[in-house]
Amino acid sequence: MTSGFLQVCCKARLAGAVLAIWFAVAGVCAAQPQAGVVGGAGEPALFYIDQRIPQSSDGNTGTSPDLPWKTIGKANATLTAGQTVVVGAGTYEEEIAPRNSGTDGAPIAYVGRGGDAKPIIRHVGLLRKQYIRVIGFEITQNSKQYRHGIEVYASHHCEFLNNYIHHTLGQAIRNNAYYGTSDYNVICGNVIAWTGYPQGLPGEARGHNAINLLCNHTLIEYNDISHVLDFVDTNGAFNIIRNNYFHDFKNSDFPDGSGDKAHVDIWQPYGVPGKPSDHNVFEYNWASANLELNSHFNQIRDETRPRSGEKEFVIRGNVALRMGSYACQFGAIDNVHFYNNTLVDLCVARPDKKSWVMIGFNTEGDNPSVGNYVLNTIFYAVCRPEFGRIISVGEGCQAELSNNACEKSGGHASCVVTAGINFADYERDVLYLAENSHAIDAGRPLTVVASAAGIGRSFTVEEAGFFIDGHNLVLGDLIRVGADAVTRVVKVDHATNTLTVSPPITWRQGDSVVLAYQDALPDIGAFEFSRDYSYDVALEPPAATDRGTRRITATVAQPENVRFVTFYVDNLPVGTDATAPFTCDWTPTRRGAEYHLTATAYSRFASRQPTKSVSAVYTYPGE
């Protein structure tokens, strides 16, 4: 994917350079630098729907907020590439189901009106569509007319942003194998809750999964998901699930459900014969209070016949807190890189039945799990204090285990810290390291340089699978080589263990390679030691005297804790900046109009509050 999708431009700074950036499919929540032109974002071709307006009619042109259309059905039949419809508050007993597709650089967008309550709709249905955006809706169901909240079948380069999806008959977001995969989609900033619990339908409170997709190159980030069955299930390659807040499941959530038979995983990739789940990333998520006997963190097994060959998983920077059962099972899965995670208070459903093992690698049939790593991870009160093994590597399986911290959890040869982990405030679930933590500087480098000393953009390392190049969705990892050479990974060659980076650097054989925010000797756990992982955001709208292109500025407290800031105008994203000072240029066109401006900061690390937003109203006086 080499060209823009959102057709809005804003600058991003990387390694001291100012880059032009077109927001690709991941653009609003994770800017991918591309070739383009720095400049201000204007406004798309706008139509309006507002059933509250007495003059609303599908016979209107729909181009004026005073003479809007009345139904979403009119927009479905009318919109073409590059057009946006703004929907006013109210309940619409309808679905979003566009007849046409958008195009690269000219999407079709449905957006809830800025400053209003989210408009309520019953369903989003996309079949063989491309470049569709759905932003700022409440999607909930009270009948059996629609099966799921959002259905996205064989549809690509679509975005589902900042919606509230709840009390659906079935799943919140799904597709199935009949139509094939849906690729290069973005699911960002949504609140999802109470799936499989439609309102006003007795006997239907059975529970359903939140997100279930056959997909490739899909980004699932910054969502708040609770009171569901499986939180995220995916099949496919090069998907990234990051910075989500997954929380709160009990069997009693769904009185018509399967009770203690419910099996609820935070993330469960699954295989389809000939379509493996591989090169997937699960990072910087906070998962807590998944409380029942069959509640787990990651459940990844290659159970297909013939085997689908699932491999290359990066699982890092996550918090798993108060899971009902053990954390992870990797059955016949190869090349799992599980590092710098924090696991606390697991197996809470039946303390008297605490598991012996938290992470297990096992064979499925005659196929073992090999080439795996578990390192720099905290295990605190997760399994039996006496005789617990913490990590199990089954017969024929292989894993490198080192530099873990294990307290109140039994023992393991990889545990270099067995006491004094010392969280900042364990009682309040503040799981950063305290200043006196024995986990500080107790980790190991992820890998080391294998190439002879040199200077350039490509070098080999002992194990390249710890890092990602962004999968054409997001920026690749920012890494530190040796003491102070910081650069960005732009390509990972797993076959040769070669990293290609930008800008070029100087290296020596044996130099440590870590993530840029880590020390040369990383700390153990999801958080490098810091006294403050908080962040906040303030918005500075353009001055009333400004002319032409306006600059919107966001001031962020502790910007090192923020991945990026996205700017919205009337709920439409108009730009993203990844480095302070966070700014975006924008050009208003409607004289005398009120614009609702929002700046949203997105946490860099695992958090129970992965985003923070601030809004202001700006009135355009005209030129």
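Observations on the model:
- Verdict on ASN280 being closer than 17 Å to ASN372 by Cα, assigned to a strand (DSSP E or B), in contact with a Cys (Cβ under 9 Å, 6 or more places away or on another chain) and not assigned by TED's automatic domain parsing to the domain that holds VAL382: no
- Strands (runs of 3 or more DSSP E) fully within region 542-618 that include at least 2 residues being without any contact (Cβ under 8 Å) to a residue 40 or more places away in the chain, surrounded by fewer than 22 Cβ atoms within 10 Å (Cβ to Cβ) and in contact with an Asp or Glu (Cβ under 9 Å, 6 or more places away or on another chain): 550-557.
- Region 129-149 - residue that is more than 15 Å from VAL111 (Cβ to Cβ) and within 24 Å of the chain's Cα centre (by Cα) and, of those, surrounded by the most Cβ atoms within 10 Å (Cβ to Cβ): GLY149
- Close pairs (8 angstrom Cβ cut-off, 6 or more residues apart or separate chains): outside the structural domain of VAL430 (by TED's automatic domain parsing) in region 335-357, in a loop (DSSP other than H, G, I, E, B) and buried (at least 24 other Cβ atoms within 10 Å of the Cβ) anywhere: none
- The residue of region 243-254 that is surrounded by the most Cβ atoms within 10 Å (Cβ to Cβ), among those that are free of Cβ contacts under 8 Å to residues at least 60 places away in the same chain and part of a strand (DSSP E or B), is PHE246.
- SER325 meets the stated requirement of being buried (at least 24 other Cβ atoms within 10 Å of the Cβ) and over 30 Å from GLY470 (Cβ atoms).
- Among the residues making up region 71-101, those that are among the aliphatic types (A, V, I, L, M) and assigned to a loop (DSSP other than H, G, I, E, B) are LEU79, ALA81, ALA89, ALA97.
- Every listed requirement among (1) surrounded by fewer than 21 Cβ atoms within 10 Å (Cβ to Cβ); (2) of a type outside the set (Phe, Trp, Tyr); (3) closer than 13 Å to PHE231 by Cα is met by ASN290 save one, (1).
Let's see how each residue does on (1) touching a strand residue (DSSP E or B) at 6+ places or on another chain (Cβ under 6 Å); (2) more than 28 Å from PHE529 (Cα to Cα):
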| site | (1), (2) |
| --- | --- |
| ALA424 | yes, no |
| ASP429 | no, no |
| THR447 | yes, no |
| ALA450 | yes, yes |
| ALA453 | no, yes |
| VAL481 | yes, no |
| ASP493 | no, yes |
| GLY510 | yes, no |
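- Selected residue [touching a Phe, Trp or Tyr at 6+ places or on another chain (Cβ under 6 Å), among the aromatic types (Phe, Trp, Tyr) and either closer than 18 Å to VAL232 by Cα or surrounded by 24 or more Cβ atoms within 10 Å (Cβ to Cβ) (or both)] from TYR164, TYR153: TYR153
- Unique residue being modelled with pLDDT of 95 or more, surrounded by fewer than 15 Cβ atoms within 10 Å (Cβ to Cβ) and in contact with a strand residue (DSSP E or B) (Cβ under 7 Å, 6 or more places away or on another chain) when the list is GLU400, GLU395: GLU400
- Residues that are of a type in the set (Phe, Trp, Tyr) and surrounded by 20 or more Cβ atoms within 10 Å (Cβ to Cβ) were ranked within region 487-532; the one that is farthest from ASN285 (Cα to Cα) is TRP507.
- Hits in region 295-321 - residues which are in a loop (DSSP other than H, G, I, E, B) and either at pLDDT below 90 or basic (Lys, Arg) (or both): ASP302, GLU303, THR304, ARG305, PRO306, ARG307, SER308, GLY309, GLU310
- Scanning region 109-129 for residues that are in a strand (DSSP E or B) and among the small types (Gly, Ala, Ser) yields ALA109, GLY112, GLY125.
- Residue check for ASP260: within 27 Å of LEU473 (Cα to Cα), outside any strand (DSSP E or B) and touching a residue at least 12 places away in the same chain (Cβ under 8 Å): no
- Region 514-541, subset out of contact with any Pro (no Cβ under 6 Å at 6 or more places or on another chain) and assigned to a strand (DSSP E or B), residue farthest from ASN404 (Cα to Cα): GLU540
- Being touching a strand residue (DSSP E or B) at 6+ places or on another chain (Cβ under 9 Å), among the hydroxyl-bearing types (Ser, Thr, Tyr), at pLDDT 95 or above and buried (at least 22 other Cβ atoms within 10 Å of the Cβ) is a condition met by no residue of region 256-277.
The values are calculated or read from the model by the stated rules, or taken from the named source; none is laboratory data. Computed from a predicted structure; not experimentally measured. For neighbour counting, all protein chains shown are included, and Cβ atoms are generated from backbone atoms with ideal geometry for every residue, glycine included.
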